[in-house]
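I have placed the structure first, in the form of structure tokens, so that the comments after it can refer back to it.
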DNA sequence: GGCTTAGTTGATAATGATTACTAATAACCA
DNA sequence: TGGTTATTAGTAATCATTATCAACTAAGCC
């Protein structure tokens, strides 16, 4: 469902600029194990910024004996390697297979987090940096509201 | 350190538009107890978006027998009443006495969260709404980088 | 000031998410 | 194929946050 350039069981590009998942890991002395590959794949093919528990459930379908600890350990590791993004939400950490620049929309009714295209705001960034003395390494916009699905089905929403 | 219109032991305005803390609470059948008043005051006079644990420590200086549960309970309640703002961070929930519109800068080195003035982006908001079908109720910008203090003192930072 | 009552507190148990630990296992490389 | 080393499954431990409940107190009223 998400288009990405990371070959899942390699193919593989012999000269291409984008390093494969295996390469990224190998470069750090890390192994691409079966649980790890599946965890990464689950996050990448899920659009709803899953929690660790959600990923665990999904991974178990393909690997019934996987441990919850393995899921946590790998989510953390893959995020540290830049193969995933992680963000804090009110109900715990959430993960994102989309590591490209983009913003987020959080539906206050269903809690789902949607990706929305980011627009570069270099002016804002520069002005911000010069007026505060901060070194701006990154920034993003967070939108809050109600998604299409939740606007239709009224009632039982977490909103007033 | 923060200028606010909420009189701590009332004075009080007899006609002014901004409702006092007591009024806001009373309107909901809530009482302004001593722990509650102190907790609110601590958050409002702290600039660093404190965690519950931080608030607890500060409150204990003035009210040694306060319970941690009381702190959590009130932070949640005060946020629900709109007297405080709360936001999720990687290390847990954080609270903010500044309920006005503003953006945030998170220092990746020391973890501190700074308020920065927000600039209204109604155009962005409208475009976003029409292109996605989402109902945008609110939005904010999050900046990440290194604050002035951390830029000076190099080393021992959480950054690479 | 005292009385009443409904919201609150302090103390602690309970819950839920995340992490640490360890013997056994599976990737990877020569 | 065999050895080395990262990794896993299972589970205990930790940490933040919430629930529970008897005792307390703020707020309204006389």
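The values are calculated or read from the model by the stated rules, or taken from the named source; none is laboratory data. Being a predicted model, the structure only gives us computed values, none of them experimental. Note that we place each Cβ from the backbone using ideal geometry, even for glycine, and neighbour counts take in every protein chain shown.
The test for being away from every other protein chain (no Cβ under 11 Å), at pLDDT 95 or above and more than 16 Å from DNA strand C (Cβ to nearest atom) does not hold for residue A:57.
Apart from one condition, residue A:88 fits all of (1) more than 11 Å from chain B (Cβ to nearest Cβ); (2) surrounded by 14 or more Cβ atoms within 10 Å (Cβ to Cβ); (3) within 16 Å of DNA strand C (Cβ to nearest atom); the exception is (1).
For the stretch A:128-143, the condition of being more than 16 Å from DNA strand D (Cβ to nearest atom), in a helix (DSSP H, G or I) and in the same structural domain as residue A:30 (by TED's automatic domain parsing) holds for none of the residues. Considering only the stretch A:73-80, I want to know if a residue exists there that is farther than 19 Å from residue B:141 by Cα, within 13 Å of chain B (Cβ to nearest Cβ), loosely packed, with under 14 Cβ neighbours inside 10 Å and under 13 Å from the mean Cα position of the chain (by Cα). Yes: one or more hits. Can you find, within the stretch B:14-51, the residue that is nearest to DNA strand D (Cβ to nearest atom) among those that are within 11 Å of residue B:95 (Cβ to Cβ) and within 14 Å of chain A (Cβ to nearest Cβ)? Among those that are within 11 Å of residue B:95 (Cβ to Cβ) and within 14 Å of chain A (Cβ to nearest Cβ), it is B:51.
Filtering the stretch A:97-113 to residues that are touching a residue at least 60 places away in the same chain (Cβ under 8 Å) and within 12 Å of chain B (Cβ to nearest Cβ) leaves A:112, A:113. Of the set (1) away from DNA strand D (no atom under 11 Å from the Cβ); (2) in contact with a strand residue (DSSP E or B) (Cβ under 9 Å, 6 or more places away or on another chain), all apply to residue B:82 but (2). Can you find even one residue in the stretch B:52-68 that is within 13 Å of DNA strand D (Cβ to nearest atom), within 18 Å of residue A:90 (Cβ to Cβ), within 13 Å of the chain's Cα centre (by Cα) and not in a strand (DSSP E or B)? Yes, the conditions are met somewhere in the stretch B:52-68.
Are any of the residues in the stretch A:129-146 more than 9 Å from chain B (Cβ to nearest Cβ) and within 22 Å of the chain's Cα centre (by Cα)?
Scanning the stretch A:129-146, I find no residue that is more than 9 Å from chain B (Cβ to nearest Cβ) and within 22 Å of the chain's Cα centre (by Cα), so the answer is no.
Restricting attention to the stretch B:98-115, the residues that are more than 27 Å from residue B:153 (Cβ to Cβ) and crowded, with 18+ Cβ neighbours inside 10 Å total 0. The residues in the stretch A:71-118 that are over 23 Å from residue A:27 (Cβ atoms) and in a strand (DSSP E or B) can be counted, and the count is 17. Here is the figure for the stretch A:119-128: residues that are within 11 Å of chain B (Cβ to nearest Cβ) and loosely packed, with under 15 Cβ neighbours inside 10 Å total 3. When the criteria are applied in full, residue A:68 fails the requirement of being touching a helix residue (DSSP H, G or I) at 6+ places or on another chain (Cβ under 6 Å), more than 13 Å from chain B (Cβ to nearest Cβ) and in contact (Cβ under 8 Å) with a residue 40 or more places away in the chain.
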